[in-house]
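Let me begin by presenting the structure, written as structure tokens, before commenting on it.
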Amino acid sequence: MTEESTDPTEPDEPDTPADGAAETERNAAPDGGTTEADGGAIAPSTGGGELVESPGHEEDTHLPPLGSLKRWFVTTNHKDVGILYIVTSLFFLIFGGVLALLFRVQLWTPGATIMSGMGYNQAVSVHGLVMVFWFLSPFAFGFANYIVPLQLGAKDLAFPRLNALSYWAYLFSGILLGVSFLQEAAFAGGWTMYAPLNIPIYTPEVGATTTVLALLFFTASVTVSSVNFLTTMHRMRAEGLTLRRLPIFTWSILLTVWMMLFAFAALLAALMVLSSDRILGTTYFAAEEGGSLLWTHLFWFFGHPEVYIVFFPALGVMAEVFQTFSGRRLVGRKWFIAAMVLVAVQSFIVWMHHMFLTSINLQVKTLFMATTIGISLPFDLMVFSLIYTLIKGRIRFTTPFLFCFGALVLFIVGGITGVFLGAVVLDYEFRGTYWVVAHFHYVMVGGVTALIGGLYYWFPKITGRMYDEFLGKVHFALFFVGFNLLYFPMFVVWETPRRVFVYDPAFTIWHQIATVGAFVLGFSFLIMFYNLYKSLWSGEAAEGDPWPYSTTAEWAVSSPPPLENFPGLPSYADGKLSFNGGGSASAADGAGGDGAAAADGGVAHADAAAAGHEEEHADHASVWPFAIAVGAFVTFLGLSGVSTGGIYPYVLLLGAGVLGASLLGMAREPFHAPDRPVGERWPFSAVENGKLGMWIFLASDVVLFGAFIGSYLFMRVAYGWTDWHVVPHNSTPGLVNTYILLTSSFAVVVALVAAEKNSRKGVVASLLVTFVLGIAFLVNKGIEWVELFYEGVWLSSSIEASTFFLTTGLHGAHVIVGLLIALFMITRAWNGAYLDDDRPIEYFGLYWHFVDIVWLFLFPLFYIL
Amino acid sequence: MSHLRLYTGIYVVLFVLATAQVAVEFAGLLENAYLLGFGLIIALSFVKALVVAGYYQHLVWEPRSISYLMGIGLLAVLALTFAASYSIT
């Protein structure tokens, strides 16, 4: 029934021995499957006999073999990208960890020892940024990349190239952060980048701007990733895999990504405004009225959801690992999920508890104290659910379990000490002390603990090799002891002021204990790296399912899974996992326990007689994501020092050139990522992947523009609403631009009509009209701006001028992006594209109309009111 | 889904609404009754936005879930803007 050969004796292409993971691969059954019930994807108890896709199949995809270096630059496969994320994030763990060790040495005695004040400030600031942004989330997203599509029953993410792009943008943003140290100094004002320390008067170094831009670049990567994951998780679930049946880890990622979509858009706005203050000279955060407060609002509106963004995946890993190693389904599973949903929503209404010592009023502080206490309640439910699961199960103390159990203990300590901070009066005392430092390290590094458990848990799945259990346990023992030696003394000497290295000499012994703990913690990771590296090459070969009682679908395929993941189309339609259209696999023999891999949607079992399906060709390789990230890296590097002149403007131009060329390259590259023929798609079943992706992106853009407009409104309220001067002298140019944009929107829908009527000329003409009107809009705006400049009104003239130029400038930038896309589409339409498939015009229209809608608000707000 | 006549009608409506919005300013409402004028102008912006989203972005024909998605984004920034502005002492 499948187009693949089903001959299980098809000859092997020898794997390159250079790659440990590849060594274990055998080609006993091609991806299309086999008719043998037991011979599908899982080869139980046969040692090194794991199965992978036929090499011939891999040639089809132009994807080089695992052992080749080239593969890792061009791959778009979710499993490869997941591995890249995990490895890169562990590198950043070392980076951030070494910085931490440096300042723990500095804190050995009160007062400076090995670092200058500036050096210490940089180390502390960048340590925070690296650990939160470049280590924790990407580490979790390594697993999300690898595991979530497997748990969904998908072959890959919805937009594989964008997934690779997210990774490369993440890597290069981290490199940019590293570069910032070399440009005088990296940002040294703390990881929260509070205003006014974040403006150039206080942090004038080029490197400080680079740090901000690196974070902006990272945020862009996160946005792309959010759109991709949300589209995938809502549209590409296996048949029968309703949201309620989704495995807990995937649930935790789903909610994480929803929070990311909205929270990171607010951060993007904050960072764009900050970059503008630093590079273009706007004066948002220098404004006397509300400037500093604006940053805290924008930052913590992002920052509090961010706490759960980094913690939820850890929670998901804990739940998954507890289920497997206690042999029990999560107690109160439905309520656990409901509690996670509640937290995800509530996370957006607690941000001002980070601001109890700012000038916000008492009423709003009280309100946010209440919401903060409110958000602890669902967490209580989750913690008890995890505890009861353990009580009711029979626990096997493996390394993943130990780490996850340790994480639960640490999280309880971190959570309870956080309640103190949520109370306004207590926060007056605790704010700016080591109580805060200890609390959030118990929570955040508590989360890391669970994710390390996840690394051990999925290591056999990803590599096909078992880690060394004894060394794993030694790692855990040292980790747990080191952790508590490091962070618990901070509670004891909580009166130590945060962010400085001078403290009461009476505290010295406790800080020395903490420093010793830091080195023990750091050393424990050396054991992990040794263990995992050695096991990768010479570990015992792992079966498809090395863990008895595992319940999720990734364990129903071989370790590592084949390129296309499954030996057919996974389905849970009859309550258990089966593979339609190919041989299928039972995880039974390997599972030992209850005899079958009971996937969270049901039981994985053999379904040899399943109906066939046509195997669609899928692409897995593209070099453009890498090229785009390189272009963006050079662009940001040029941007960092462009206002200082020198070589930077040329670097900027070079970067923009590479970026533009590679974007064009990717747009022109034919790349096919097949959608699944049937599946669960609630609540977006009637919206095609590309369209849903566009809408989700626009939702984040709503928050981006909303945060810009909100910043304007906030600054105006702080300034005095009626004292505010409207910058443009008259509203006529703005009104004309309103008419122009409305007409251009009309032209886009006319293009859609023309495409449906199969009129090539109509499509080209309508898009041309759109293009010309867009140009007219920009020219009109340009004339208005030049007049204002001529009168001496510049971006830095006043907060009124800053908000006017930056907000309408961001809109103008959106128009320019739209025009570039329009130009690209006109050339394609000229060659007859879009007549048989007008979806690209429709999706472009969604963007263009959105830009139109934004102007409908900017016009009255900046010209009339 | 696409009907040229409907699109044209929508375009005319949008044009009229945009003109009406400026007419509120020219009528001097902002000088005499600022709040009323402010409310009218913002309301007109929302009406135009809904018309564009509903008919040019086809939201009236799409599953409601897309509208809710955009609504959630809007709600989030409105919450941020109002709470932040309210917090000012």
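In this structure, A:GLU288 qualifies as over 30 Å from A:ALA556 (Cβ atoms), surrounded by fewer than 20 Cβ atoms within 10 Å (Cβ to Cβ) and out of contact with any Cys (no Cβ under 8 Å at 6 or more places or on another chain). The residue that is nearest to the other protein chains (Cβ to nearest Cβ), counting only those in the stretch A:668-683 that are surrounded by 14 or more Cβ atoms within 10 Å (Cβ to Cβ) and of a type in the set (A, V, I, L, M, F, W, C), is A:ALA673. Where helices (runs of 4 or more DSSP H) sit wholly within the stretch A:337-440, those with at least 3 residues that are within 14 Å of chain B (Cβ to nearest Cβ) and within 26 Å of A:TRP494 (Cα to Cα) occupy A:362-392. Reported count of residues in the stretch A:674-690, each being under 24 Å from the mean Cα position of the chain (by Cα), part of a loop (DSSP other than H, G, I, E, B) and at pLDDT 90 or above, is 6. Among the residues that make up the stretch A:847-855, is at least one of them within 14 Å of another protein chain (Cβ to nearest Cβ), more than 19 Å from B:SER45 (Cβ to Cβ), at pLDDT 95 or above and assigned to a helix (DSSP H, G or I)? Yes, some residue in the stretch A:847-855 is within 14 Å of another protein chain (Cβ to nearest Cβ), more than 19 Å from B:SER45 (Cβ to Cβ), at pLDDT 95 or above and assigned to a helix (DSSP H, G or I). Can you say whether A:TYR863 is within 14 Å of another protein chain (Cβ to nearest Cβ), crowded, with 23+ Cβ neighbours inside 10 Å and not basic (Lys, Arg), as far as the supplied structure shows? When the stated conditions are applied, A:TYR863 passes them. Inclusion of A:VAL726 among residues that are over 23 Å from A:PHE844 (Cβ atoms) and more than 9 Å from chain B (Cβ to nearest Cβ) is warranted. Contact annotation: residue pairs with Cβ atoms under 7 Å, 6 or more positions apart or on different chains, pairing a residue in the stretch A:255-280 that is more than 13 Å from chain B (Cβ to nearest Cβ) and under 16 Å from A:ALA813 (Cβ atoms) with a partner that is among the polar types (S, T, N, Q) and assigned to a helix (DSSP H, G or I), are A:LEU271/A:THR219; A:VAL273/A:SER711; A:ILE279/A:THR209; A:ILE279/A:SER643.
Could you tell me whether any residue of the stretch A:731-745 is outside any helix (DSSP H, G or I), within 13 Å of chain B (Cβ to nearest Cβ), touching a helix residue (DSSP H, G or I) at 6+ places or on another chain (Cβ under 9 Å) and over 22 Å from B:THR19 (Cα atoms)? Walk me through how you get there before you give the answer.
In the first step, residues of the stretch A:731-745 are kept if they are outside any helix (DSSP H, G or I); the result is A:731.
In the following step, the residues that additionally are within 13 Å of chain B (Cβ to nearest Cβ) were identified as A:731.
Next cut, touching a helix residue (DSSP H, G or I) at 6+ places or on another chain (Cβ under 9 Å) only: A:731.
Cutting the leftovers down to over 22 Å from B:THR19 (Cα atoms) gives us none.
Within the stretch A:731-745, none of the residues are outside any helix (DSSP H, G or I), within 13 Å of chain B (Cβ to nearest Cβ), touching a helix residue (DSSP H, G or I) at 6+ places or on another chain (Cβ under 9 Å) and over 22 Å from B:THR19 (Cα atoms).
The residue pairs whose first member lies in the stretch A:479-491 and is under 15 Å from A:LEU101 (Cβ atoms) and surrounded by fewer than 23 Cβ atoms within 10 Å (Cβ to Cβ), whose second member is modelled with pLDDT under 95 and among the aromatic types (Phe, Trp, Tyr), and whose beta carbons are closer than 9 Å, counting only pairs six or more residues apart or on different chains, do not exist in this structure.
For the stretch A:324-334, the condition holds for no residue, the condition being that it is surrounded by 24 or more Cβ atoms within 10 Å (Cβ to Cβ), assigned to a helix (DSSP H, G or I) and within 12 Å of chain B (Cβ to nearest Cβ). Only one of the listed residues (A:GLY774, A:GLY693, A:GLY710) is among the small types (Gly, Ala, Ser), under 36 Å from the mean Cα position of the chain (by Cα) and more than 14 Å from chain B (Cβ to nearest Cβ). That residue is A:GLY774.
Listed here are the residues, each with its yes/no results for (1) out of contact with any His (no Cβ under 8 Å at 6 or more places or on another chain); (2) hydrophobic (A, V, I, L, M, F, W, C).
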| residue | (1), (2) |
| --- | --- |
| A:MET236 | yes, yes |
| A:THR242 | yes, no |
| A:LEU261 | yes, yes |
| A:LEU267 | yes, yes |
| A:LEU271 | yes, yes |
| A:GLY281 | yes, no |
| A:GLU288 | yes, no |
| A:THR296 | no, no |
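On the phi < 0 side of the Ramachandran plot and either surrounded by fewer than 21 Cβ atoms within 10 Å (Cβ to Cβ) or touching a strand residue (DSSP E or B) at 6+ places or on another chain (Cβ under 8 Å) (or both): which single residue out of A:TRP494, A:TRP435 fits that description?
On the way: A:TRP435 fails: either surrounded by fewer than 21 Cβ atoms within 10 Å (Cβ to Cβ) or touching a strand residue (DSSP E or B) at 6+ places or on another chain (Cβ under 8 Å) (or both).
Going through A:TRP494, A:TRP435 in turn, the sole match is A:TRP494.
Every condition in (1) more than 7 Å from every other protein chain (Cβ to nearest Cβ); (2) of a type in the set (A, V, I, L, M, F, W, C); (3) over 30 Å from A:ASP574 (Cβ atoms); (4) in contact (Cβ under 8 Å) with a residue 24 or more places away in the chain holds for A:ALA718 except the one numbered (1).
Taking the stretch A:679-725 as the range and being of a type in the set (S, T, N, Q) and under 17 Å from A:ALA220 (Cβ atoms) as the test, only A:SER700 passes. The residues of the stretch B:38-65 that are touching a residue at least 24 places away in the same chain (Cβ under 8 Å) and more than 15 Å from B:VAL16 (Cα to Cα), listed by number, are B:TYR55, B:TYR56, B:HIS58, B:TRP61.
Does B:SER67 satisfy the condition of being buried (at least 18 other Cβ atoms within 10 Å of the Cβ) and within 16 Å of the chain's Cα centre (by Cα)?
The answer is no for B:SER67.
Table: residues versus (1) part of a helix (DSSP H, G or I); (2) in contact with a Phe, Trp or Tyr (Cβ under 6 Å, 6 or more places away or on another chain); (3) more than 22 Å from A:HIS127 (Cα to Cα).
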{"position": "A:VAL500", "(1), (2), (3)": "no, no, no"}
{"position": "A:MET528", "(1), (2), (3)": "yes, no, no"}
{"position": "A:ASN531", "(1), (2), (3)": "yes, yes, yes"}
{"position": "A:LYS534", "(1), (2), (3)": "yes, no, yes"}
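Only one of A:GLY762, A:GLY792 is more than 30 Å from A:TRP830 (Cα to Cα) and among the small types (Gly, Ala, Ser). Can you tell me which?
Numbers: A:GLY762 fails: more than 30 Å from A:TRP830 (Cα to Cα).
Result: A:GLY792 is the single residue among A:GLY762, A:GLY792 that is more than 30 Å from A:TRP830 (Cα to Cα) and among the small types (Gly, Ala, Ser).
Only one residue in A:ALA813, A:ALA833, A:ALA801 is among the hydrophobic types (A, V, I, L, M, F, W, C), buried (at least 17 other Cβ atoms within 10 Å of the Cβ), away from chain B (no Cβ under 12 Å) and under 28 Å from A:LEU659 (Cβ atoms). Which one? Even if it seems obvious, please write down each step before you answer.
Working: A:ALA813 fails: buried (at least 17 other Cβ atoms within 10 Å of the Cβ); A:ALA801 fails: under 28 Å from A:LEU659 (Cβ atoms).
Matching residue, one of A:ALA813, A:ALA833, A:ALA801: A:ALA833.
Considering each residue of the stretch A:747-759, count those that are facing chain B (nearest Cβ under 7 Å) and either of a type in the set (D, E, K, R) or crowded, with 24+ Cβ neighbours inside 10 Å (or both), and give that number. Selection size over the stretch A:747-759: 3. With respect to the stated conditions, A:GLN151 fails to be more than 20 Å from the chain's Cα centre (by Cα) and of a type outside the set (Lys, Arg).
For A:LEU521, are the conditions met, namely being under 28 Å from A:GLY303 (Cα atoms) and either aromatic (Phe, Trp, Tyr) or part of a helix (DSSP H, G or I) (or both)?
Numbers: under 28 Å from A:GLY303 (Cα atoms): yes; either aromatic (Phe, Trp, Tyr) or part of a helix (DSSP H, G or I) (or both): yes.
So A:LEU521 fits the description; yes.
The values are calculated or read from the model by the stated rules, or taken from the named source; none is laboratory data. Since this is a predicted model, take the numbers as computed values, not measurements. Neighbour counts run over all protein chains shown; Cβ positions are idealised from the backbone, glycine included.
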